[in-house]
1. With point charges of +1 on the Cβ of Lys and Arg and -1 on the Cβ of Asp and Glu, referenced to the Cα centre of region B:18-284, which listed residue (B:Ala40, B:Ile22, B:Leu272) lies farthest in the positive direction of the dipole?
2. Rank B:Ala446, B:Tyr252, A:Val89 by how far each Cα sits towards the positive end of the charge dipole of the protein assembly as shown (+1 on Lys, Arg Cβ; -1 on Asp, Glu Cβ) and give me just the farthest.
3. Can you give the local net charge around B:Leu516? Use residues other than it whose beta-carbon is closer than 10 angstrom to its beta-carbon, Lys and Arg +1, Asp and Glu -1.
4. Multiply the residue gap between B:Ala450 and B:Ala576 by 0.36 nm, knock off their C-alpha separation, and tell me the result in nm, one decimal place.
5. What average count of beta carbons from other chains do you get within 10 Å of the Cβ of residues in B:197-204?
6. Under a Cβ-only charge scheme (Lys and Arg +1, Asp and Glu -1), can you give me the dipole magnitude of region B:18-284 about the Cα centre, in debye to the nearest 20?
7. Tell me, what % of the accessible area of region A:158-244 is carbon and sulfur with a 1.4 angstrom probe?
8. For region A:261-291 and region B:403-464, compute the distance between their C-alpha centroids and round to whole Å.
Amino acid sequence: MVSFTLRRLGAGVVLLIAISILTYSILFFSSANIARNLLGDQATEEQIVLKEQQLGLDQPFLSRFADWFMSALSGDFGRSWFTSEPVAVAIANRLPITLTLVAVAILLTAIISTLIGMLAAVKRGWMDRAVQIGAVIGYAAPGFVIAVLFVTIFAVQLRLVPPVSTISPGATAAAWFTSLLLPVIALAINAVASSAQQLRSAIIKQLERDYVRTLRSRGIAEREILFRHVLRSAAPAGLTILSLQFIGMLGGAVIVEQIFALPGIGSLAVTATASGDIPVVMGVVLFTVIIVIVVNLLVDLVNGWLNPKVRVS
Amino acid sequence: MTEPTPAGQSGVVVRSSVFGRIVRNPLGLTAIVALVLIGAAAAFAQVLAPFDQNFSDITNTLAAPGGEYILGTDSGGRDVLSRLLYGGQLTLASALLCASVAILIGLPTGLIAGYYGGWFDSTASWFANMILSLPGIMVLLSVRAALGPSVWLAMIVFGILLSPGYFRLTRTVVQSVRNELYVDAARVSGLSDLRIIARHIMSVVRAPIIIQTSIVAGVAIAIQSGLDFLGLGDPAQATWGIMLSDGFRNVYLNPLLLVWPTLAIMTTIASLVLLGNAIRDALEDGQKIKAKRRPAGEKKPSRSAALPTVEAGTEQHLLKVSNLAVGYPQADGSIKKVVDDVSFHIDRGEVLSIVGESGSGKSQTAFSILGLLPDTARIVGGSIQFDGAYTVAPGDETVSSERLSALRGRRISYIPQEPMSNLDPAFTIGSQLVRPMTVVLGISKAEAKARALELLAKVGIPNPQRTFDAYPHEVSGGMAQRVLIAGAISCEPDLVIADEPTTALDVTVQAEVLDLLRTMQRQLGVGVIIVTHNFGVVADLADRVVVMQSGRVVEEGDVLEILRHPKHPYTQTLLASMLEDKTPMTKLTVDAAGGIA
């Protein structure tokens with residue numbers, strides 16, 4: 001189990017470095033006109049050359065990457081080209097909002113879709129049909145479309161919640177609740193629709209295993225077989241499904257935050273992308289990838305722990 | 001299974017009938033019609049649209065529907081209908097591009113990885129996993145930040161991000177058919193790998209790829225609209241996402257502007273998904289129909305209140321199966337019988353063997369007794385009585401799980417065929433032995449553990465404590481089968497049903513397990529039904545034999561009588577077809593005779 005953990009951890013680090021190099025090269029090889037964009041059309045050649053020197057754009061790629069990488073290791077991700085705010089600070093201010101949004105949404109998704117998937121797998125019949133219809137609707141309505149409809153119906157038409165969020169890391173619990181309620185539901189609806197169907201298949205697959213028949217022949221009650229054996233065997237598949245949903249949600253959060261005007265990582269990413277603020281984009285990508293790697297690592301570890309072949313050896 | 005059809009023709013035949021089934025499915029037909037209409041509307045936007053997509057009537061912004069502007073105008077005074085039609089062009093084309101890129105990357109790599117395996121497989125799988133762990137929108141945002149607002153570039157990148165889906169799908173399908181006999185046959189007959197892939201493997205991969213594409217196209221439309229909605233697309237081009245964004249910005253003034261692009265996006269994606277589902281349903285038509293009917297049949301037996309009493313004079317039999325028929329509903333509404341008019345009985349302490357080749361209905365008969373038939377199976381005739389009471393009364397459609405759950409484990413137990421797959425890999429062997437005893441016998445965990453250790457020793461396991469603590473993957477197949485035998489006798493049943501208990505084992509282990517079964521049976525005096533295709537096992541253990549062929553009993557009688565003078569030609573063929581014709585036969589016959597004497 002220890003060597004398994006170390007292997008996964010190592011793979012995560014390799015992935016992180018690979019992605020940093022890739023992102024850095026795409027972003028920084030294309031930053032040719034950035035000084036002119038920053039200074040505007042009135043700037044003279046000298047001012048532009050000076051600005052490029054300030055930003056370090058005149059250095060060769062490798063030395064730029066090495067500089068960036070070494071400072072990143074010490075927690076310094078540079079400053080925004082537009083606001084001069086340190087990237088690490090900008091992200092630290094916004095991360096709690098995005099993480100809360102996504103974590104609550106994935107928790108809700110996990111609970112609801114497991115319940116629905118289980119019921120559909122065991123009862124079949126109409127429950128099964130409902131799950132399939134729900135999956136079609138879930139696919140057909142992308143998260144941001146649902147979010148737009150939510151804002152239109154609940155905030156603009158019915159005025160039940162404020163259309164624009166009022167949260168910041170220091171806001172009251174009530175403000176967090178009203179601000180996150182609709183975004184969380186908008187993210188979760190989509191995820192539930194698709195993962196309930198996948199969890200249903202994962203559970204049915206386990207229900208059809210030979211050992212389930214043998215357990216029945218031994219006089220074990222159906223309920224116990226389901227909760228103690230089948231759910232446990234379906235858990236690795238379920239966790240993998242949910243971890244993919246989680247990655248999808250990080251993307252979905254980008255648009256949903258924009259719609260609900262939530263000051264999270266996603267809206268930071270959109271602003272930085274539109275203005276070409278490369279250090280911020282780089283920082284956001286990196287942090288998102290770190291979150292993804294950590295989640296995948298946790299899922300791997302839990303799955304390893306659930307699998308006696310890995311745990312015992 | 002089915003009649004062989006010429007390889008060249010089968011594809012054509014399948015395709016036409018699948019297409020027919022899709023069109024006959026109302027949802028499938030609706031989806032196709034909707035997609036054709038949407039596609040045509042987008043393709044002929046230049047002709048159909050009353051205005052250019054960027055024609056702007058500044059004096060008439062946010063106009064209500066009606067009049068010159070059929071669906072009204074947006075915040076820039078542009079005609080909504082025209083923009084909707086032109087928007088379809090870009091949206092559909094980008095979905096097409098994205099899916100094509102994903103297929104072009106995922107399909108060939110999946111084929112190669114699945115067919116050849118090796119280093120390519122592991123490298124490609126690593127890349128696929130890496131790409132899957134990237135949050136798509138973040139990647140698209142950084143590409144947009146680096147290279148500017150190009151829809152096509154974004155869709156190519158998104159296609160790359162979606163290619164692992166195709167890679168994994170293709171790889172799994174190819175791996176599952178690579179070692180099929182017909183692929184081996186093609187290889188032996190000298191076809192090149194390329195021809196085999198093109199001819200045999202592509203025909204299997206095709207359907208899943210089409211289904212996956214319908215979903216991928218929907219995802220691409222959602223993402224493309226999302227990027228445009230965020231204002232990261234090309235503002236000069238009308239798209240559904242840009243229209244949605246314009247509507248959202250004017251949600252207080254004219255919420256109707258939201259409706260049209262939302263409808264367009266949702267209708268298109270829903271049609272794609274429904275088409276994918278219709279294709280899938282058309283491909284697995286038969287199973288669908290079977291599954292649907294089950295709940296109606298299930299309720300009947302549990303409601304029937306008073307059970308009829310069994311026929312007088314038959315109560316003394318431990319088990320009596322009378323005219324049993326088991327069938328599976330088919331797609332066309334008929335029922336395919338796999339067991340038909342089967343009757344036999346077994347008394348306490350007796351060993352009955354049900355013999356037949358695979359597909360003769362012997363296992364289905366055994367599972368009807370245990371009440372462990374698949375969900376779709378139905379009892380279409382006859383009855384089963386155990387110890388003087390019906391478990392399947394005449395007229396019942398399914399085996400009553402209520403009645404059987406009182407018997408299973410307690411009075412009737414089961415030894416499966418494949419030892420490894422019949423133990424839950426997540427639990428120790430000990431806990432899988434202890435739990436049934438605490439449930440069925442109501443004894444404490446400690447008592448059950450002591451009993452389990454005793455049983456493990458009894459079935460010839462050298463170190464019971466170690467096996468008790470082990471997980472199933474830590475023991476051999478022969479050991480696992482001993483564990484399952486221990487489990488089957490742990491609650492002192494009256495009847496043990498063993499389904500091919502030695503088939504999955506090595507020959508040397510087979511003999512040991514048969515020895516064990518014989519010893520256990522004599523010590524405990526239980527009735528045993530052994531289901532097998534192997535007359536060696538029959539000769540070794542059985543007192544009486546039932547020979548089954550194509551779901552029917554063709555011969556029944558005393559073991560020596562049948563071994564020496566088989567009457568039915570099928571029995572004769574079975575006996576003659578035994579590979580080890582002479583030596584083991586004589587030996588085993590003598591053995592069995594010795595047992596009787």
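1. So the residue furthest toward the plus end is B:Ile22.
2. B:Ala446
3. Details: positive: B:Lys458, B:Arg482, B:Arg518; negative: B:Glu512, B:Asp515.
Once positives and negatives cancel, what remains is +1.
4. Details: separation 126, 0.36 × 126 = 45.36 nm, distance 4.71 nm.
Once the chain is fully extended between B:Ala450 and B:Ala576, it gains 40.6 nm.
5. Numbers: counts 0, 0, 0, 0, 0, 0, 0, 0.
Mean partner-chain Cβ count within 10 Å for B:197-204: 0.
6. Numbers: 14 positive and 14 negative charges, 164 e Å.
Once rounded to the nearest 20, the dipole reads 780 debye.
7. On the way: 2440 of 3830 Å².
Using a 1.4 Å probe with all protein chains present, region A:158-244 comes out at 64 percent carbon and sulfur.
8. Result: 57 Å between the Cα centres.
The values are calculated or read from the model by the stated rules, or taken from the named source; none is laboratory data. Computed from a prediction, not measured in an experiment: that's the story for all the values here. All Cβ positions, even for glycine, are placed from backbone atoms using ideal geometry, and neighbour counts span all protein chains on display. What goes into the accessible areas is simple: the full protein's heavy atoms, side chains included, and nothing from ligands, DNA or RNA. Shrake-Rupley method; radii C 1.70, N 1.55, O 1.52, S 1.80 Å.
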